[in-house]
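The values are calculated or read from the model by the stated rules, or taken from the named source; none is laboratory data. All values derive from a computational prediction rather than experimental measurement. All Cβ positions, even for glycine, are placed from backbone atoms using ideal geometry, and neighbour counts span all protein chains on display.
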Amino acid sequence: MPTPKSRNNDSHCVLCYQRREICICPIIPKVQTRTKFLILRHVQEANRPSNTGRLVALAMPNARIVACGGGVSLDDELQWNPGTWLLWPDATGTRAGISESPPEQVVVLDATWSQARRLYSRLPILRAMPQLVLPVPAHSRDRLRKQHRSDGMSTIEAVAAAVAKIEGVDAAAGTSNESSGVGH
């Protein structure tokens, strides 16, 4: 993962981007999944210490981050594969049932809601993918940031919920146990 350009590398961890005195790298679990996760991180989110897509990639060997937005082309990254689903909250496209055939790969938009909506509208391939829709999260959780939508989740919370839905709660335990207080 590239080092942050706008941060002083002496004061911030180059992996988790947190200040060195609160670096969370030693407590990030390793979560093995059968499902691959392709995290499309908006270019404006890349250097934010609060970006949890980065934490997903650090925790999950089957996850990788690809820059998107700001004119970045995704043609090679998003060549359509029937086993690829989009994690999307609105269920505006085809909803596929997990019981039928679970996804081989899940595409996750790591962006603000307005950035994610623009990416979704500008990339027809995203609208063509079956959608993995998650249940609305519990409101009683402690959060790092206030969510502006009732179904709002950080990227790490959404990925943990997706892993639980696809592969079961035991597979997601490492991700969801560590993410309860982390926000996007």
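Here are a few things to note about the model shown:
- Residue within region 84-96 that is modelled with pLDDT under 90, out of contact with any Asp or Glu (no Cβ under 9 Å at 6 or more places or on another chain), of a type in the set (Gly, Ala, Ser) and surrounded by 13 or more Cβ atoms within 10 Å (Cβ to Cβ) present: yes
- Residues located in region 12-46, provided they are farther than 30 Å from residue 168 by Cβ and among the hydrophobic types (A, V, I, L, M, F, W, C): 13, 14, 22, 23, 43, 46
- Region 27-50 residues that are more than 13 Å from residue 65 (Cβ to Cβ), paired with ones that are among the aromatic types (Phe, Trp, Tyr) (beta carbon under 6 Å, 6 or more apart): 49/17
- Near pairs, Cβ below 7 angstrom, 6+ apart or cross-chain, from region 153-166 (over 15 Å from residue 109 (Cα atoms)) to any residue that is assigned to a helix (DSSP H, G or I): 163/171; 163/172; 163/175; 164/172; 164/176
- The condition (being of a type outside the set (Asp, Glu) and either in a strand (DSSP E or B) or at pLDDT 90 or above (or both)) is satisfied by just one residue among 103, 49: 103.
- Here is the figure for region 124-148: residues that are modelled with pLDDT of 65 or more, part of a loop (DSSP other than H, G, I, E, B) and within 18 Å of the chain's Cα centre (by Cα) total 8.
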